[in-house]
Structures are given as structure tokens and as C-alpha cells.
Amino acid sequence: MTNLEIRLLLEAIKEHYRYDFTEYKSSSLRRRLDIFLSACQKQYFSELIPLVLHNPDKLRLLINTLTIGITEMFRDPPIFRFIVEKIIPSLRSFSLINIWSAGCSTGQEPFSLSILMKEAGLLNRSHVFGTDINQDFINAASEGIYSEEEFSLYSKNYVESGCPVSLSEYFHVRYGKGIVNDDIRKHVSFFKHNLVTDHDFVECQLIMCSNVLIYFNKELQNKAWNLFYNSLHNFGYLVLGKQEKLPDHMLVDRFKKVSDDLPIYQKAIHG
Amino acid sequence: MGSIKQTELIVIGASQGGYEALCGILENLVKNFLIPVVVVYHRAKNSDWNYLHEQFSRYTFKEVREIENYELIKPRSIYFAPPDYHVLFEDRKTLVTSFDDYVNYSRPSIDILFESACSWYKKNLMGILLTGANNDGAKGLHGIAAAGGYTAVQNPVEALAPKMPQSAIEIFLPDTVAGLKEISNLMNVANIYFREKI
């Protein structure tokens with residue numbers, strides 16, 4: 001019965017709001033729906049249907065529970081070190097460098113990438129696009145404001161990524177919060193984008209998408225792989241989260257792995 | 001009361017002091033141990049899997065795996081949660097990873113694995129909670145007992161960090177509170193019944 005109710009709830013959200021969670025992994029989805037159900041003090045999932053359909057604010061709360069916003073700047077330093085040492089040098093030949101951070105949550109990843117571009121002296125030729133399905137996250141990302149605790153963690157990651165200066169070079173402090181400097185922000189823009197229902201975004205030299213697709217089932221993941229393939233410039237790079245990897249069939253002629261131990265791929269050109 | 005005659009899957013939670021405790025259990029398991037084992041062992045984000053893999057491969061299991069997204073579980077294998085990711089059962093045979101927020105200040109969280117395994121295996125699950133310095137796993141283990149599964153807790157007196165097993169004992173009465181050797185003996189007996197079934 002519970003599964004039926006959850007299916008009905010997800011179908012209702014899909015029909016009415018165009019948010020499609022029907023193909024998300026059921027284990028993670030169920031955990032988060034349980035959290036939402038008790039927060040709403042309801043007993044049955046079917047009771048959430050009228051609540052969400054007649055009240056867009058509740059929908060926002062539900063979306064915030066279902067799409068999680070856990071991210072850090074320079075999360076997984078070895079990955080960023082690889083980007084600095086191996087990927088950025090090969091981007092120098094482009095007159096315009098587009099980078100897409102897909103599922104960027106509250107903006108930490110796109111700002112990290114933009115900082116790396118500045119350090120490489122490529123900031124003026126580059127633009128980072130941050131997208132997320134969640135409008136609240138996009139709004140927060142556009143602010144570019146992070147708390148002191150977050151900032152000290154990010155600084156540590158930054159040092160471990162092998163970066164040359166101090167992260168505070170790129171921030172100014174106001175009211176005890178760290179705010180991303182304007183020169184960095186000018187080269188980052190944020191859009192709401194849905195990896196499941198929306199199409200190609202912009203042609204990019206580098207796409208980073210970490211810890212987003214692990215919540216998708218296999219069909220949905222395949223949709224996203226194709227979307228990334230179509231959005232990448234020839235020989236462009238795709239960087240995934242530490243625990244993620246491309247399925248073998250994408251490695252036949254579309255991508256090749258360019259690192260032994262990191263989930264980093266390059267678009268292959270055949271024929 | 002759970003029964004080890006029904007066991008088809010074993011889940012183990014361990015934290016501080018967990019490496020020694022896990023070795024203590026694995027070294028007493030019989031050859032050709034069949035029941036799949038899934039472990040959440042709290043370790044550092046940058047911990048060296050190659051080393052752990054080598055160490056844990058000395059024992060009975062044919063496969064010692066760090067769990068990948070959509071990992072299929074098989075007999076004669078032991079699976080470890082990767083650092084910094086939760087693991088859950090997507091269905092009876094498939095493990096998935098998740099990057100959800102910390103639970104009990106932990107990621108991976110033992111509670112998350114236990115609750116999710118319990119939702120699929122119920123009375124066919126054996127849950128084991130070992131040494132650790134926080135209370136992760138107590139709630140999940142209680143859930144396993146409530147669903148009719150078998151529960152075993154390392155005797156806090158013998159645990160390097162007693163808080164974790166102690167936390168479980170404080171909220172319910174597990175089927176067994178014992179030393180590592182006795183816990184591995186229980187696993188060996190469960191394995192005899194499992195072998196007959198398949």
C-alpha cells in the first residue's frame with residue numbers, strides 16, 4: 001500500500017509541477033519521504049497529495065527534502081588537483097571556455113571551478129554555468145555567501161587541492177560571513193535546469209556532475225550520460241563524483257577514461 | 001527473539017577499534033563461509049582501501065569489495081561501505097550508495113544500512129554491532145530485533161570503545177551479548193543452516 005501511495009504522490013507532482021522523481025532510487029527517496037511525512041505530522045503518504053498540490057510552498061519544502069544540498073568547495077581535492085594539472089592546460093587553446101557544473105546545489109562547485117580559472121589566468125575567457133533542479137538552491141547560490149565554519153572547511157580542501165594562494169583571496173568578509181568576490185562571480189551564472197526533463201544546455205569544454213546521478217536509476221542515468229555527451233565539445237571532459245563511474249557501454253566509442261583512479265572521462269571522437 | 005536458522009544476510013557495524021574487532025571475527029569463520037556480509041566500518045575519508053582489502057582478503061571470503069553504486073551481492077563475499085557515503089539496499093540483492101546528510105554524525109551510518117537491510121530481509125537478517133565511540137547502529141539494531149531478525153552485540157567490557165555496544169543494550173535486549181569468538185561461532189552455525197537451504 002505504501003508503495004502505491006508513494007507512486008501516486010510522485011505522479012501527481014510530475015503531472016502538476018513537471019518535477020519527475022518517479023525514476024529516482026527508491027531506497028533514498030523512501031528515507032527522505034519518511035522525514036517529510038513526519039515533519040508534516042501526517043500518517044499516510046497519500047495525505048501529502050492534496051497538501052502539495054494545493055500549496056506550492058509545501059511543494060518547495062518537499063523538493064528541498066528530496067533534492068539534497070550537501071556540497072563543499074573543492075570537495076574531493078584529488079579530483080580538483082587533476083583538473084588543475086591535466087585538464088586546464090588543455091583548455092588554454094580555446095578562445096572561449098564554457099564549464100557546466102550540473103546539479104550544483106548552493107554553488108560551491110561552480111565557484112571552485114571559477115577560482116581555478118582565475119589562478120590559471122583564464123578567468124576572462126571562461127564562463128561557469130551552475131544549474132540545479134531546485135530554485136531555492138539556485139537563489140542561494142547566486143548570493144555566493146558562506147558561513148565561517150563552511151569557509152574553514154573549504155580552505156582546508158583548497159590547500160589539499162594543491163592551490164598556490166589562500167582561499168581568502170577570493171572572498172571578502174561581511175557580518176561574519178564569507179562573500180565571493182565580484183570578479184569571480186561575474187564569470188559564474190546560475191540557472192534552474194532539470195537533468196531529467198530538459199535538453200542540451202550549452203556546448204562545454206568541461207562538465208562536472210558529482211553526487212547527483214547516484215540518486216537516479218539506470219534508465220535515468222543513461223538519459224543524463226547522453227545529455228552530457230551531446231553537450232560536450234569534441235575532446236571535452238566529464239568529471240563525476242568519487243563513487244560514480246560511466247557504464248561500460250558509454251566507454252565503447254563515446255568516452256574514454258583519462259585517470260586510473262578518478263572518475264574523469266574525455267569525449268572520444270570516432271570515425 | 002530472532003533465530004539464526006533463518007539468516008540469509010549478515011550486517012555488521014563497527015567504529016573506533018573496528019579493524020581489530022573485524023579481524024577478530026573474520027579469523028574464526030569457517031572455510032567457504034557462504035552468507036553474504038555487509039559492513040559499515042567508520043573510517044577516515046582518505047583511508048587506504050588497498051591496504052584494508054589486502055588484510056581482509058586473508059580470511060574466508062572469495063570477494064572483498066568496497067561497495068559501488070548498484071553493487072550486486074553474492075554468496076561468499078563481504079562488502080564494505082566506502083568512506084563518506086551511506087549504503088542502502090535498493091532491493092534484496094542490490095546495494096546503492098547515497099550522499100545524504102550525516103546521521104549520528106556519521107557517513108556512512110550504521111543505522112541507515114541496518115534499517116534498509118531490515119526492510120528487505122526482516123527475520124532473515126542477522127545484525128551485529130561491535131566496538132565504537134558513538135551511538136550509531138543502536139536504533140537500527142533495535143529495528144532488526146523488532147522485525148524478527150537476530151541481533152548480536154559485542155560485550156562492551158571487551159570492546160575497545162564500549163559506547164556503541166552499550167548504547168544498543170540500553171535500549172533493548174539483544175539475542176546475544178558476547179565476545180568476538182562467540183559471535184563468529186554464531187555466524188558459523190547460521191552458515192550451516194544457510195548451506196542446507198541453498
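The values are calculated or read from the model by the stated rules, or taken from the named source; none is laboratory data. Keep in mind that this is a model prediction, so the values were computed, not measured. FYI the Cβ positions are ideal-geometry reconstructions off the backbone, even for glycines, and counts take in every protein chain you see.
Observations on the structure shown:
- Verdict on B:ILE78 being assigned to a helix (DSSP H, G or I) and among the aliphatic types (A, V, I, L, M): no
- Scan of region B:80-120 for residues that are touching a residue at least 40 places away in the same chain (Cβ under 8 Å), surrounded by fewer than 23 Cβ atoms within 10 Å (Cβ to Cβ) and away from chain A (no Cβ under 11 Å), ordered by number: B:SER106
- Counting only residues that are buried (at least 23 other Cβ atoms within 10 Å of the Cβ), within 21 Å of B:GLY179 (Cβ to Cβ) and among the hydrophobic types (A, V, I, L, M, F, W, C), region B:121-135 holds 4 of them.
- From the list A:ASP34, A:ASP20, the one residue that fits, being acidic (Asp, Glu) and away from chain B (no Cβ under 14 Å), is A:ASP20.
- Residues in region A:227-271 that are assigned to a helix (DSSP H, G or I), surrounded by fewer than 16 Cβ atoms within 10 Å (Cβ to Cβ) and not acidic (Asp, Glu): A:ASN230, A:HIS249, A:LEU251.
- Enumeration of residues in region A:80-110 that are within 15 Å of the chain's Cα centre (by Cα) and of a type in the set (A, V, I, L, M): A:ILE99, A:ALA102
- Flag for A:GLU72 being touching a Gly at 6+ places or on another chain (Cβ under 9 Å) and in contact (Cβ under 8 Å) with a residue 40 or more places away in the chain: no
- Search result, residues across region A:192-210 that are assigned to a loop (DSSP other than H, G, I, E, B) and surrounded by fewer than 23 Cβ atoms within 10 Å (Cβ to Cβ): A:HIS193, A:ASN194, A:LEU195, A:VAL196, A:THR197, A:ASP198, A:HIS199, A:ASP200, A:PHE201, A:VAL202, A:GLU203
- A count restricted to region A:192-221 and to residues that are within 14 Å of another protein chain (Cβ to nearest Cβ) and not charged (D, E, K, R) stands at 11.
- Scan of region B:58-81 for residues that are modelled with pLDDT of 95 or more and under 20 Å from A:ILE70 (Cα atoms), ordered by number: B:ALA81
- Tallying residues that are more than 27 Å from B:TYR102 (Cβ to Cβ) and either crowded, with 16+ Cβ neighbours inside 10 Å or within 14 Å of chain A (Cβ to nearest Cβ) (or both) within region B:56-71 yields 3.
- Meets criteria (away from every other protein chain (no Cβ under 14 Å), of a type outside the set (Lys, Arg), at negative phi and under 18 Å from the mean Cα position of the chain (by Cα)) for A:HIS233: no
- Here is the figure for region A:31-64: residues that are of a type in the set (S, T, N, Q) and surrounded by 18 or more Cβ atoms within 10 Å (Cβ to Cβ) total 0.
- Odd one out for B:PRO75, checked against (1) within 16 Å of the chain's Cα centre (by Cα); (2) within 14 Å of chain A (Cβ to nearest Cβ): (2)
- The numbered conditions (1) more than 14 Å from every other protein chain (Cβ to nearest Cβ); (2) of a type in the set (Gly, Ala, Ser); (3) in contact (Cβ under 8 Å) with a residue 24 or more places away in the chain; (4) surrounded by fewer than 19 Cβ atoms within 10 Å (Cβ to Cβ) are all true for A:ALA224 except (1).
- Test: B:SER167 is small (Gly, Ala, Ser), surrounded by fewer than 19 Cβ atoms within 10 Å (Cβ to Cβ), part of a helix (DSSP H, G or I) and over 14 Å from the mean Cα position of the chain (by Cα): no
- Unmet requirement for A:ILE70, which otherwise passes all of (1) crowded, with 16+ Cβ neighbours inside 10 Å; (2) modelled with pLDDT under 95: (1)
- Selected residue [surrounded by fewer than 24 Cβ atoms within 10 Å (Cβ to Cβ), among the small types (Gly, Ala, Ser) and modelled with pLDDT of 95 or more] from B:ALA145, B:ALA138, B:ALA159: B:ALA145
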